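The values are calculated or read from the model by the stated rules, or taken from the named source; none is laboratory data. Every value quoted in this text rests on a predicted model; they were computed, and no experiment measured them. Ideal geometry is used to build each Cβ from the backbone, glycine not excepted, and the neighbour counts take in all protein chains shown.
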Amino acid sequence: MSTQNTILISNWKMKLSVAQAKKLAIAVKNKKTTQAELVICPTFASLTEVAKNLAGSQVKLGAQNCFWEPSGAYTGEVSAKELKEIGCEFVIIGHSERRQYLKETDEMIHRKIKMALACGLTPILCVGETFDQRQQGAKDYVLIQQVTQALQGVEVGSDKQLIIAYEPVWVIGSGQAIDPLEAANTHQVIYQSLFDLFPSDIVKNNFRIIYGGSVDQTNVADFVSLEKTSGVLVGGASLKIDEFSALIDSI
Ligand code: PEP
């Protein structure tokens with residue numbers, strides 16, 4: 001695994017207005033930390049305003065989605081190239097909310113990953129099982145399928161970085177994270193899938209695996225201290241500066 005700093009990615013979903021996103025971005029920018037690489041992912045509509053206000057800081061910018069074509073007649077979509085142009089370094093791809101509500105398939109996700117990499121963005125690929133899949137004993141199978149279908153055939157040069165976020169769907173927004181030991185075992189399953197797809201030096205140097213799902217200040221340390229876990233993806237607990245600040249301090 002990559003030996004970079006712990007990465008803390010905050011997904012603001014569609015929960016803030018542009019004015020609120022700007023205010024929160026400034027507060028995050030003023031938060032001093034040497035413990036973590038901070039990435040914030042506001043909505044498309046807030047990206048430019050947030051980018052302006054993050055200028056000159058260590059805090060990095062990510063988008064919550066991108067389209068798989070470089071440009072064209074795709075009304076309502078946003079290209080990876082534009083995201084790069086306005087200062088994004090990261091892009092979340094395949095979040096379970098998009099898989100569920102927008103019917104994103106593994107094929108779409110695969111194409112988005114390729115486009116993001118081609119445009120110089122670091123994809124944050126989200127994978128995770130639903131409660132039903134888990135109850136049927138299909139969790140590992142589902143994860144291996146999601147990782148394989150998203151990444152098989154993707155060229156990952158030594159100049160590229162990818163992040164895989166394991167997010168059990170049933171845990172997101174529930175207020176109850178999974179046992180860190182289970183996250184550790186699951187990250188091992190994902191790690192093995194990566195070894196089955198890519199040369200070992202690429203897996204070790206160019207991929208990071210993180211955990212997401214009800215991470216907060218009380219449990220973040222348990223996740224970031226896991227051996228194969230490079231950081232966390234945080235939703236709800238990143239929306240208020242006091243809470244987010246306490247979470248950062250707990251790493
Ligand atoms: C998410 O939506 O990616 C997420 C991790 O949300 P929460 O932290 O609120 O569970």
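Quick notes on this structure:
- As a summary of the residue check, LEU16 satisfies the conditions (1) touching a residue at least 60 places away in the same chain (Cβ under 8 Å); (2) exposed (fewer than 14 other Cβ atoms within 10 Å of the Cβ); (3) not polar (S, T, N, Q) except for the one numbered (2).
- Selection of first residues in segment 206-227 that are of a type in the set (D, E, K, R) and of second residues that are assigned to a strand (DSSP E or B) and within 16 Å of the ligand (Cβ to nearest atom), restricted to Cβ pairs under 8 Å at least 6 apart or on distinct chains, gives the following pairs, ordered by first then second residue: ARG208/ILE7; ARG208/ILE163; ARG208/ILE164; ARG208/GLY231; ASP216/VAL234.
- Residue within segment 121-142 that is without any contact (Cβ under 8 Å) to a residue 60 or more places away in the chain, within 16 Å of the ligand (Cβ to nearest atom), within 23 Å of ILE40 (Cβ to Cβ) and of a type in the set (Phe, Trp, Tyr) present: no
- Among the candidates VAL171, VAL156, VAL142, residue that is surrounded by 14 or more Cβ atoms within 10 Å (Cβ to Cβ), at pLDDT 95 or above, closer than 16 Å to VAL189 by Cβ and of a type in the set (Val, Ile, Thr): VAL142
- Hits in segment 7-35 (condition: in contact with a helix residue (DSSP H, G or I) (Cβ under 8 Å, 6 or more places away or on another chain) and aliphatic (A, V, I, L, M)): LEU8, LEU16, VAL18, ALA21, LEU24, ALA25, ILE26, ALA27, VAL28
- With respect to the conditions (1) of a type in the set (S, T, N, Q); (2) closer than 30 Å to GLN136 by Cβ; (3) away from the ligand (no atom under 14 Å from the Cβ), ASN205 lacks only one, and its number is (2).
- Taking segment 192-231 as the range and being hydrophobic (A, V, I, L, M, F, W, C) and farther than 30 Å from ASP242 by Cβ as the test, the residues that pass are LEU194, PHE195, LEU197, PHE198, ILE202, VAL203, PHE207.
- Filter result for VAL220 (more than 16 Å from the ligand (Cβ to nearest atom), surrounded by 15 or more Cβ atoms within 10 Å (Cβ to Cβ) and at pLDDT 95 or above): no
- Hits in segment 151-174 (condition: over 17 Å from THR122 (Cα atoms) and within 8 Å of the ligand (Cβ to nearest atom)): GLU167, VAL171, ILE172, GLY173, SER174
- For GLU77, the conditions (1) in a strand (DSSP E or B); (2) surrounded by fewer than 16 Cβ atoms within 10 Å (Cβ to Cβ) are fulfilled apart from (1).
- Checklist (1) loosely packed, with under 14 Cβ neighbours inside 10 Å; (2) in contact with a strand residue (DSSP E or B) (Cβ under 8 Å, 6 or more places away or on another chain) applied to LEU61, failing item: (1)
- Looking across segment 105-147, just one residue is in a helix (DSSP H, G or I), over 19 Å from ALA165 (Cβ atoms) and aliphatic (A, V, I, L, M), and that is ALA118.
- Candidates in segment 31-46 are the residues that are in a loop (DSSP other than H, G, I, E, B) and at pLDDT 95 or above; of these, the one that is surrounded by the fewest Cβ atoms within 10 Å (Cβ to Cβ) is THR43.
- Residue in segment 135-153 that is of a type in the set (D, E, K, R) and over 26 Å from GLU104 (Cβ atoms) present: no
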